[in-house]
1. Take residue A:506, project a point 7 Å from its Cα along the Cβ direction, then tell me which residues of segment A:358-400 have their backbone nitrogen under 12 Å from it.
2. Given points 7 Å out from each Cα along the Cα-Cβ axis, report the residue A:203 to residue A:850 separation in nanometres with one decimal.
3. How many Cβ atoms of partner chains, on average, are near each residue of B:427-434 if near means within 10 Å of its Cβ?
4. Starting from the Kirkwood radius over alpha-carbon pairs of segment A:77-217, derive D by Stokes-Einstein at 10 °C in a medium of 1.306 mPa s and give it in µm² s⁻¹.
5. Quick one: length gained pulling residue A:869 to residue A:440 fully straight, 0.36 nm per residue minus the C-alpha distance?
6. If you take every DSSP beta bridge fully contained in the protein assembly as shown, what fraction is antiparallel? Give it as a percent rounded to 5.
7. For chain B, what relative contact order do you get, as a whole percent, if you take Cα pairs closer than 8 Å and at least 6 residues apart?
8. Roughly how many Å is it from the Cα centre of segment A:635-671 to that of segment B:229-304, as a whole number?
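What follows is calculated from the coordinates using simple rules that are stated; it is not laboratory data. Just so it is clear, the model here is predicted, and its values are computed rather than measured. Cβ atoms come from the backbone with ideal geometry, glycine included; neighbour counts cover every protein chain shown.
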């Protein structure tokens, strides 16, 4: 429970300072301090059990189905880190109270800081990979807020974003790694995973998993090649840098290396990846640090370099090296936080952080100077300071390597290490000597003096620690190091000695070399800086990062332009192409071929029809820009289809096809009337070629498929309908019986669709808002109608109506039926409109198409419902025979009533469409800009 | 209650949610007609219509809940009585309700015809529910058309806006093609197996009967059709154009609920009818998932319009979901359902705020327009940040949990590469989601630029806050909902699990 409290307290307590700020800055700072202090006290209450070797745990089931639990543990390693986080956190809270200026919103600062603290505590105390990851990403997010705290600084905003993208992204890579790790181990519970090192390292997926996890650790710890974000994050307020970028967040990466050390370390791959990255970082960052003129920039690179050193130690993979790694984590936290705060003081009191402008501050701020010397000495590794101890031990480990980077060059790593130490000495000297000694600077923005006590105290405490640990390490750091090291390597640590004097040995020689070289390097620093800024074109990492983003964006633009140009044709081409591949796939894989079915004999007539059909189809495509012509040709296709139906003995279909064709063509003609005569020509040759290719391919695929299906034996359902038509539906025309009886429900639906389509067209044309004067049949209409046509059509009308009547009545047994009869009637009436004008025709015929449609649908629906009255399902057919005088036997089927409904709906629906489309006189009238009244 | 489908009334019971919602939709159409149109003014009964629609969705949800107590004797009937369907229904109903609530001011401001808009939303929802609930390919096709035709209209709903009309036309033409492929696929599948019932198809395949070639072609075309509907690369081209051009409420609805329904149907068809052909369709899905994640995330990077960015993000999420479909085990299927639920809420939430920023119109859609918005409107800023973080899959939000589950599902089927790809493409998505948040909080609007006028009635705020709260809640305690999803996926897990044996790679 205590553990959960420790994590939750800062997270929830973050609200307090934000709230208390309304009573003043001191109150806000106090609230933050109380929250941190309480959490620290809670942690200390666990000390006795941790130092006794116990591991306090807290565990709640979170999601049993995937084995997640909200588990925390405070083993030595977690305890050490929590101690650092809360201890230094307390100092930072105090420091920030004096550091932040009146204008800065302090409540928000402390809120972010506490949130970050809680997230960090979650990372180090988690006992579950997923829980760890959750808090890990939260640290990225909260550090984003902290780095971007000063909104007015553009570099702050950009640095914040870069830090978030790099570390957050690294976290996701780590997530993938954790999922793999969890599945290798079969659990996400850290304490169990740590026991399974051998299983994990023997697994096939060890390598990808390791790489992914390391990406997470390296991005967080700013290891090469992900180091570039950290210097840019230095735009953050200094307390943030001191806290995040020295003591805590960047340490999360090395914490992870330590945490997973028993499970992952010890393989050759681990060594090469971890030590390799660490060594590169160590040397490279130490060199760059010397060349930086910004105090915080120098410290940032020095931090990167020291993190590289810790990474090298964990990479070596031996228990002894890991112990040194832990030890250096402690030491580095102490001296680097102190140095950052010191740099903050200098910045705060003089108004600049530029080493070239600062000089001779000793006289004005002696206390600050002393503290800086202590911490810098620790960083350089001067004896009697804590940095010296861990550095000596580091040299020892680097000298006694198990693996070698390059076969036969055992001195490679020691050389790198010594060189890095040399630079480290040089920049430490620069940090102190160039700032505090030499001639007094004249042109500082503010007159320097020592800061208030509240700012000096945290620095002083940390500096004191550097000395105490440096002189009596066993007493001060010994116990904590022992438990932390035990927890890290999983077993009791090997013998190590925390004494100052190890005798004359190789490490001492390396130290001596580093010091002599470091002093020389400092002396010759301008040559090195000149080299860095001049002839050596050093890749600026930010530029690479920005460049990568830019290139990604450019690539993304390119992909967008290629895939998403907004052209419907291209989309369709892609879609059809993919479908052709999908259809062709079974053929290509050979799993499908033509069957043994008999071919149909080919006669001359069919061949002619077939040729006309193909010719007309091709012509339609070729002529599509000349719309009227294309319509004419496409109607040829329809007619040929009707012929084909006749040829295949389907007179009903042929009749329907024919009448539908006529109505459709008329409708299309009317619609084309509203459009420009010719379509726009946008086709390039390439596109045409592509489209032809696609069309041919699609045609071939469909043909092949049809061929295969037709030649393979298939059961048809025609037999059933043929057999059941008369006994079940009382008609011998199977098609009609299917329409009005077997599939009566479908037909019912279809006439409703037709009715809705008619009403829709009516509504749309109505909504176009065409003024009445643009409509044919208006009073000022002066169209003359050809007399001959008028006379003939009037004669034709009764004839056509008779034919349609005939088709209707015989429909149940012979080709015909309500649908076809309706179409014929509609065509006959349309002819009247065409020949005699709308005014004349509407005066003489029914005008209420809406009513007729409704009547038709209702009639059909009522017939269907009628069946319910007799206890049958909806639309069950009924028929019987009656004797009528003169005519003889007469069949009465409920289907006839239904057919009347169909007939009415078809006539009215078609007329409604055609008449409304035909009303508009010319295209310009339908253009939207001519349509006043439409908003 | 147990239904044996001997009595015809049983069909009505089994379809009760769909029937209730259909009737309700038509009633709303009538209520909408009641009001006389007043040019230049929003309809007076807008609120009434909206609340009636939500009430209809709530009533349907009630019936949906009641259906948990109903079981069928036939596990292969035309209408599925399983909790997969019911869980999916929750998603659709929630998506529709959120869309309606969030878009109230938009409809009023743009003076869209509310009665028809809500009717279309409800009818599309009916289509979705049938999509998730049927085992019959013909009925499935009808349901898909019910949904998509409503979606076409919703896309082109802003008649006075050219972009809306263009988007609608494009969507319609491409959609018609894909529907044709789907139908062709159904026909060929029927030709090969002699059935349009998913369970019977599976039996035929298992028995080794039927034509393989024909079946493969049928399945491939079904795949093409579904890939189009779910917007998988390279069949995604319609999505950004349609999403960008459509009025924002329609976009939110399509990006969330329509996609969810397509995935539900995809899962049902491929897991119920074609588990025996897993080996054949698995590589195709694999590539679709990989391509979708890569291409969509990459393209989203360079979008400067928030709406279009969200459109690509929706495509990218389709890619993540396809990982779950590819994995095809019980947990993966459950995770797809969970993801769909979360995705629906966070997408509509994000669009809700996009609508507010864009003044309930189609202005201020660029990322730059969000500069300083967070400080101007802290509540809305925080809400959008939560939705963006959820979309990015940030820990603490439901989006993270949903991704974890998907990853877990993928890993269970040993889809290592896809799992890693999922995590890595998410890294890319961080960039474009957080860019918006970054503009909101870290940039200030240009001097002289007036503050963004905000119209956000209480109900909109309440809905958004509720959605964000759910995102956080599910990010911390997803257990109960996940269990629901797992029990909904149980039925499929067995089938696909068996199919997968011996295929591990």
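1. A:395-400
2. 7.1
3. Working: counts 11, 5, 2, 8, 8, 1, 0, 6.
Per-residue shielding by partner chains comes out at 5.
4. Details: Rh = 16.7 Å.
Value of D from the Cα-based Kirkwood radius: 95 µm²/s.
5. Numbers: separation 429, 0.36 × 429 = 154.44 nm, distance 11.15 nm.
Stretched out fully, the residue A:869 to residue A:440 stretch lengthens by 143.3 nm.
6. Numbers: 20 of 22 bridges.
Of the beta bridges lying entirely in the protein assembly as shown, close to 90 percent run antiparallel.
7. Working: 880 pairs, mean separation 79.6, N = 505.
Relative contact order comes out at 16 percent.
8. Between the Cα centre of segment A:635-671 and that of segment B:229-304, the gap is 39 Å.
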